[in-house]
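Everything below concerns the one structure shown next.
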Amino acid sequence: MDTPSLHLVDYLIIGASLVLSVGVGVRFAKAQSTTSKYFAAGRNVPVWAIGLSIFATLISSITFLAYPGDGFAGNWVRLVQGLMVPIVVLLGIGFIVPMYRKVIGLSAYEYFERRFGYLARLYASLAFVLAQFAGMGSVFFLLALAVSSMTGIGVVTVVLVLGLVVTVVTLLGGMEAVIWLDVIQGLLLILGGLVTLLVIAVKLDGGLGQVFTIAAAENKVSLGSFDWNLVELTFWVMAINGVFYAVQKYGTDQTMVQRYLTARSDREAIRASIGGVLMVVPVWVLFMFIGTALYAFYQGQASLPDGLRADAVFPHFILNEMPVGVVGLIIAALLAAAISSLDSDLNCLAAVAVDDYYKKLRPQSTELQRVRVGKIVVTLSGVGSIVVALIYVAAGDAGVLATVFALYAIFSGGIAGMFLLGIFVPRVNKEGLYVGIGVCVLFTAAALLTSTEFSLGGEPRIWLDLGPLNYTQHNYMLGVYSHIVLFGVAWAASYFFPARDVDRNLTYAGWKDRKRRGVPT
């Protein structure tokens, strides 16, 4: 086990990065008087800044740790999911961005209400809220473990300090502070990765050429098996999962849709979205390659403590191999990765709370009242995510995470399927969709119960054993099937209910027709 011994210089660099974060929030605090400013930065952000913000939001501290861990322990199969994202974005972003900017005010889930009714909006927004709390809690928890192992500061202290910084920044500065802080933190993240790779190259006999030699010999950069096998973690499992991940992230996720609204025009929003995703893929590759380079380094240059987990190898390297000052820079980059995703989550949670719920309850409320409620939600969400992280800490491992993710999988299944139905299948009505949601929830719950094991002191058992009807394929495919089930059932069920006219602004066919006739989209 490492005995953390950071130099004063490293602590100063880490402290300065946190102070800078708070300073950015203070810088934009006075301008946050309307919902447009607080949640959409006044719709006046430069395209390059939005692109960097999208990039920084997609790169969390989990990516910072998990990708090197995967590259060290195995191959690059999990990178396949990310490689699918540009394909989907390039195909659909030209329609998705102008549609959202035309038909919604603030919340992405307003689209589902306009297309299928308020229950659809409620289902999608609640799924987003549950997902964000599960994600934020895990980011806090896993980051705190890594930072604690490198600095000697207690896990609880790291959670509390980081939670306070993120909450204060978002509370004061709104989306404007979030975006400009993302710009700084995104650049810091890239710098941290490049510096890490440079240090490994200098320390490794044979430089990066040795990494390629070892990687080729041991098949470390493989994208997985190309066998058509959906039970194991193959290329096809990750590719299919990646397509639906991209549709859900760029088509229905509030953290992305809210970025579209901050741009000055449709064209700039599209350019920012494409730029952000084209930036993120090389960085995913960079951090996966860092893991492979660490594998090569520890084959001959140094030894690892017995029992060290793969996702702890990168922090171990930072602590033991990096020079003074660089350690602080890398930890600051790790913290930046967390802040750049967490601040966005808090602001978007508040936007959903105000637009999907508060405005429904208080339609006559003023802009000042809505901003005030948004700030209250930011504060409560920050406290809530800290509490979730502390629950993980108290449990001693990430076991609680499995329960939270299981609940999210049950109640948020099919969101991408619902979105695809809305834009591509005008015949689908709200009654058919509600049937599809019900069947999707039941399917997802049954799949989890028939594939999840538990143990009460004896042999592990699954919760519900249905024999040949048990779900046996890879867990990553469950999310894919939930979208397909909702899509198919809702489409079929809609024919049992009367067809209704659909606002063509909400469909791809309507957008294509307007574009053909030269009507502004």
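General observations
- Annotation for segment 194-210 versus segment 476-504: alpha-carbon center distance of 51 Å.
- Rough spin-label spacing in nm, given labels placed 7 Å along Cα→Cβ, for Trp228 and Glu453: 3.0 nm
- Look at the dipole of the chain built from charges on Cβ: of Tyr109, Ala217, Val9, the Cα furthest out on the positive end belongs to Tyr109.
- Sum of -39500 (n - 2.57) over DSSP H runs of 4+, divided by residues of the chain (222 nm, nearest 500): -24500 deg cm²/dmol
- Amide H partners (placed H, <5 Å) of Thr34, local residues excluded: none
- Against the main long axis of the alpha-carbon atoms of the chain, helix 367-395 sits at an angle near 50°.
- Rounded to the nearest 10 degrees, the angle from helix 235-252 to the longest Cα principal axis of the chain is 60 degrees.
- Folded to 0 to 90 degrees: helix 266-300 orientation relative to the chain principal axis, Cα: 30 degrees
- Translational diffusion of segment 56-118, estimated by Stokes-Einstein from the Kirkwood radius over alpha carbon pairs at 25 °C in a medium of 0.890 mPa s, is 167 µm² per second.
- Overall Cα dimensions of segment 55-189 - principal axes, largest extent first, Å: 52, 39, 29
- All distinct Cα pairs of the chain go into the 1/r average, and the inverse of that average, the Kirkwood radius, is 24.0 Å.
- With distances taken between every two different alpha-carbon atoms, segment 124-272 has a Kirkwood hydrodynamic radius of 19.7 Å.
- Accessible area per residue (1.4 Å probe, heavy atoms of protein chains only) ranks Leu91, Leu486, Leu172 as Leu91, Leu172, Leu486, with the largest value leading.
- About the centre of its Cα atoms, segment 1-101 shows a dipole size close to 640 debye [charges on the beta carbon of Lys, Arg (+1) and Asp, Glu (-1) only; nearest 20 debye].
The values are calculated or read from the model by the stated rules, or taken from the named source; none is laboratory data. As the structure is a computational prediction, the values presented were derived from the model and not from experiment. Quick reminder, even Gly has a Cβ in these numbers, built from the backbone with ideal geometry, and neighbours come from all protein chains shown. We work out accessible area using only protein heavy atoms, side chains counted, and drop any ligands, DNA or RNA first. Shrake-Rupley method; radii C 1.70, N 1.55, O 1.52, S 1.80 Å.
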